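Below: one structure, written as structure tokens.
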Amino acid sequence: MRVIMVMFDSLNRNMLNPYGGNLAATPNFNRLAEHCVTFDNCYAGSLPCMPARRELHTGRYNFLHRSWGPLEPFDDSMPELLNHSGIHSHMVTDHYHYFEDGGATYHTRYRTWEGFRGQEGDAWKGVVSPDQIPEGYRNRCDGVADNWEHNWVPQDFVNRSYMETEEKQPQSLTFEAGCSFIRTNHGADQWYLQIETFDPHEPFFSQEKFKKLFPDPYNGGVYDWPDYRKVDERDTPEEILHLRAEYAALLTMCDEKLGEVLDLLDEYGMWKDTMVIVNTDHGFLLAEHGQWAKCHCPFYNEVARIPLFIWDPVTGTRGIHADSLVQTIDLPATILAQFGLRLPEDMEGVPLQPVLADGGKAVRKAALYGIFGGQINCTDGRYVYMRSPVDTDTGIYQYTLMPTRHGGRRAFIENGELEKMTLSEGLSFTKGLPVLRIPYEKEVGQAKYDTMLFDLENDPGQEHPIHDEEAERYMAALMAERMKENGCPEEIFMRYGLKK
């Protein structure tokens with residue numbers, strides 16, 4: 001048995017043809033859907049990038065007890081478990097957060113790995129006092145000091161200057177490395193390959209070959225990196241159309257690269273004994289709900305409800321849609337089960353093979369998702385409940401043995417927070433190890449939005465929050481139940497006004 005995962009970042013399912021999207025033609029996603037089970041109710045868990053990847057290793061929610069961070073010493077890592085069982089795990093990626101302070105421990109869990117540089121202001125090519133920023137460029141975050149302090153925008157244009165052709169872009173190098181692994185090892189058995197690209201994450205940089213497919217009326221400076229904020233008077237209709245066109249161009253490149261992998265599966269006849277998973281960590285808002293991007297705003301379904309395609313050669317089910325409520329935490333369980341391995345006791349996710357058999361098997365009553373310190377979200381497939389804190393005087397804490405996080409080039413948890421840390425006896429899943437209990441003092445903008453309840457059956461676009469006390473009590477009870485199953489810290493229940 002072999003398993004290939006192709007993972008994109010910030011892939012909005014509403015933009016893909018198999019989900020009814022028409023922003024761009026996605027013939028290879030269409031081709032994939034014809035050969036796979038397409039999941040209609042797959043939700044993210046912990047957002048954004050590295051929290052989602054921790055779930056991909058551990059099959060556990062991350063966001064209820066810590067923010068963005070590395071794998072922990074007590075974590076069960078899916079690729080590492082494969083290695084211990086004689087199954088070769090290999091990752092190729094251009095997702096540069098793997099190699100920063102707030103990541104760092106993920107890529108070395110694979111038996112072998114390759115990394116490619118240059119995405120989103122990655123501190124890659126050394127050019128002192130860069131002057132590559134085009135005149136009239138609309139800077140992400142509108143020139144917020146922190147953005148420039150950490151050199152993201154200037155460095156991004158330095159990096160772009162070394163990518164004058166499609167072949168030199170990190171995504172191309174990543175997929176070529178993945179295809180090379182397949183060519184080398186297609187005759188071997190017992191391996192797992194993860195092909196993971198940062199695209200179509202912003203900035204939406206692609207070559208003219210793709211841009212010319214999506215003409216738009218915008219005639220200003222380079223603008224392919226949307227701010228993380230609400231849509232406001234700064235955003236003209238032409239600019240909104242332009243950013244969607246830039247996303248569409250990069251999405252078209254992603255579709256083309258996916259096709260290269262599918263071609264090899266055809267060429268080597270690998271569909272008969274290779275599971276294929278195509279997924280993402282979360283979606284992205286392109287002015288829907290009056291918002292750009294993610295994390296600062298509520299996790300509407302454009303962000304939280306994500307695409308997932310799985311081909312299982314054992315069941316052979318293809319070309320159908322499954323409505324079972326599944327999540328990222330189910331993917332490591334599915335991969336381990338495909339190789340016949342026992343799941344760790346602390347894994348919350350469940351194997352999806354029963355769903356893959358006929359598309360109709362229920363997996364869970366409710367799914368949780370969110371960002372640490374922000375809204376806690378719960379869905380049962382019909383209702384989406386976004387609950388904000390009700391007691392902000394109750395502090396929250398990070399439980400960790402790895403005091404690093406996302407935030408520029410020196411992503412250690414700040415000394416002021418570390419000075420207040422205590423040693424906790426640990427949580428239910430820390431394997432008996434005590435952990436640091438560190439006060440979390442960052443403001444999370446998403447927590448300031450109102451609590452909202454949506455009925456997807458009557459309002460699939462989440463345009464009109466409803467007031468239904470009975471439904472809210474039901475969803476709050478489901479939320480608390482899932483939090484308790486996760487070993488959620490007591491203060492989180494208190495902060496959100498939920499009974500444990």
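The values are calculated or read from the model by the stated rules, or taken from the named source; none is laboratory data. Every value quoted in this text rests on a predicted model; they were computed, and no experiment measured them. Note: ideal-geometry Cβ built from the backbone for every residue, glycine included; neighbour counts use all protein chains shown. These area figures cover heavy atoms from the full protein model, side chains too; ligands, DNA and RNA do not enter into them. Shrake-Rupley method; radii C 1.70, N 1.55, O 1.52, S 1.80 Å.
Points to keep in mind about this one:
- Each residue in region 421-475 was checked for being among the small types (Gly, Ala, Ser), within 27 Å of Asp380 (Cα to Cα) and surrounded by 13 or more Cβ atoms within 10 Å (Cβ to Cβ), and 4 pass.
- Single residue of Phe116, Phe39, Phe99 found to be open to solvent by less than 10 Å² (accessible area, probe 1.4 Å) and of a type outside the set (Gly, Ala, Ser): Phe39
- Summed over region 379-418, the residues that are of a type in the set (Asp, Glu) and either at pLDDT 95 or above or closer than 26 Å to Ile306 by Cβ (or both) give a count of 1.
- Some residue of region 141-156 being open to solvent by less than 10 Å² (accessible area, probe 1.4 Å), at pLDDT below 95, of a type outside the set (Gly, Ala, Ser) and touching an Asp or Glu at 6+ places or on another chain (Cβ under 8 Å): yes
- Residue in region 452-475 that is in contact with a Cys (Cβ under 8 Å, 6 or more places away or on another chain), under 21 Å from Arg60 (Cα atoms) and touching a residue at least 24 places away in the same chain (Cβ under 8 Å) present: yes
- Highlighted here are the helices (runs of 4 or more DSSP H) found entirely within region 329-440 that include at least 3 residues which are hydrophobic (A, V, I, L, M, F, W, C): 330-338, 353-358.
- Residue in region 447-464 that is modelled with pLDDT of 95 or more, among the small types (Gly, Ala, Ser) and farther than 17 Å from Gly497 by Cα present: yes
- Of all residue pairs spaced 6 or more apart or on separate chains, those with beta-carbon atoms under 9 Å, a first member in region 193-217 that is farther than 13 Å from Thr93 by Cα and a second member that is among the small types (Gly, Ala, Ser) and open to solvent by 30 Å² or more (accessible area, probe 1.4 Å) are Leu213/Ala25.
- Residue check, Tyr474 under 21 Å from Glu348 (Cβ atoms) and among the hydroxyl-bearing types (Ser, Thr, Tyr): no
- Residue match in region 385-399 (condition: in contact with a Gly (Cβ under 8 Å, 6 or more places away or on another chain), among the hydrophobic types (A, V, I, L, M, F, W, C) and surrounded by fewer than 20 Cβ atoms within 10 Å (Cβ to Cβ)): yes
- Residues that are within 20 Å of the chain's Cα centre (by Cα) and aromatic (Phe, Trp, Tyr) within region 240-276 comprise just one, Tyr247.
To keep it simple, each residue is scored yes or no on (1) at pLDDT below 95; (2) open to solvent by 10 Å² or more (accessible area, probe 1.4 Å); (3) farther than 30 Å from Phe63 by Cβ; (4) not in a loop (DSSP other than H, G, I, E, B).
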| position | (1), (2), (3), (4) |
| --- | --- |
| Leu213 | no, yes, yes, no |
| Tyr223 | yes, no, yes, no |
| Asp227 | yes, no, no, no |
| Trp271 | no, yes, yes, yes |
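- Test: residue in region 320-335 that is open to solvent by 20 Å² or more (accessible area, probe 1.4 Å), more than 23 Å from Tyr383 (Cα to Cα) and over 22 Å from the mean Cα position of the chain (by Cα): yes
- Scanning region 157-173 for residues that are open to solvent by less than 30 Å² (accessible area, probe 1.4 Å) and closer than 14 Å to His95 by Cα turns up Gln169, Pro170, Gln171, Ser172.
- Whichever residue in region 308-318 is open to solvent by less than 50 Å² (accessible area, probe 1.4 Å) and part of a loop (DSSP other than H, G, I, E, B) and, among such residues, is nearest to Val276 (Cα to Cα): Asp312
- Screening Gly374 with (1) open to solvent by less than 40 Å² (accessible area, probe 1.4 Å); (2) in contact with a strand residue (DSSP E or B) (Cβ under 9 Å, 6 or more places away or on another chain); (3) more than 28 Å from Tyr192 (Cβ to Cβ); (4) not polar (S, T, N, Q) gives one miss only, at (2).
- Qualifying residue in region 56-76 (condition: of a type in the set (A, V, I, L, M), crowded, with 24+ Cβ neighbours inside 10 Å and closer than 30 Å to Phe214 by Cβ): no
- Of all the residues in region 430-453, those that are in contact with an Asp or Glu (Cβ under 9 Å, 6 or more places away or on another chain), more than 18 Å from Thr404 (Cβ to Cβ) and of a type in the set (S, T, N, Q) number 1.
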